[in-house]
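Structure first, commentary second.
The values are calculated or read from the model by the stated rules, or taken from the named source; none is laboratory data. Source: prediction; values computed, not measured. A quick note on method: Cβ atoms are made from the backbone with ideal geometry, for glycine too, and the neighbour counts reach across all protein chains shown.
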Amino acid sequence: MNSRRVMAAAAGTAAISLAAAFVKPHEGRSLIAYLDPVRIPTICDGWTRGVKLGDVATPEQCDEYTLQGLREADAIFMRWVPLEVRAALSPKTYAAFLSFIYNVGPGKQGVKDGFIWLKSGRHSTMLLRLRSGDVEGACRQLPAWTKAGGKVLRGLVKRRHAEMQLCLSGLK
């Protein structure tokens, strides 16, 4: 394994741990399923997959859902961001992007804006900047993602600001 791959893998592992600590207070943990601000059934630390109102989870299940979601975010990041860029990231910067992807997902053409795809079928500016090596520019895209269901949400404004600060604090 070459040194870039080793560095990227180490940063990814550290970033998942940092992101887990970052995500929990920004998502807010609920052991009982509830409707989020855009009326999606949600449980634990923002987990939505397969959730129905009335579902209950244990703290251990919530921890596992969060780690699963961050591992999935990391897989998306590794697939779409070039190795040369990933290897140069600090764990803090990497964690900020994982938190963002955990929250918004990859997106889907014609359906939902996300880290990779916009509804329009184009790639997000954040992804394009990362792919070109403009990490600072990608970090500065985070505050643009504060809407859910067409409304600016105060919680997302705070979260994106915190993600941007984390992202920028890790730049060398």
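Does the range 114-121 include one or more residues that are in a strand (DSSP E or B) and at pLDDT 95 or above?
So far as the range 114-121 goes, yes, one or more of its residues are in a strand (DSSP E or B) and at pLDDT 95 or above.
Quick check on the range 133-157: of everything there that is in contact (Cβ under 8 Å) with a residue 24 or more places away in the chain and assigned to a loop (DSSP other than H, G, I, E, B), which residue is surrounded by the fewest Cβ atoms within 10 Å (Cβ to Cβ)?
Here the residue is Gly149.
Somewhere in the range 35-56, is a residue surrounded by 15 or more Cβ atoms within 10 Å (Cβ to Cβ) and in a helix (DSSP H, G or I)?
No; the residues of the range 35-56 include none that is surrounded by 15 or more Cβ atoms within 10 Å (Cβ to Cβ) and in a helix (DSSP H, G or I).
Within the bounds of the range 91-104, is there any residue that is closer than 18 Å to Val38 by Cα, in a helix (DSSP H, G or I) and of a type in the set (S, T, N, Q)?
Within the range 91-104 (the criterion being closer than 18 Å to Val38 by Cα, in a helix (DSSP H, G or I) and of a type in the set (S, T, N, Q)), the answer is yes, since at least one residue qualifies.
Arg129: of a type in the set (Lys, Arg), within 18 Å of Pro91 (Cα to Cα) and either buried (at least 16 other Cβ atoms within 10 Å of the Cβ) or at pLDDT below 95 (or both), yes or no?
no
Examine the range 59-66 for a residue that is touching a residue at least 60 places away in the same chain (Cβ under 8 Å) and assigned to a helix (DSSP H, G or I), and state whether such a residue exists.
no
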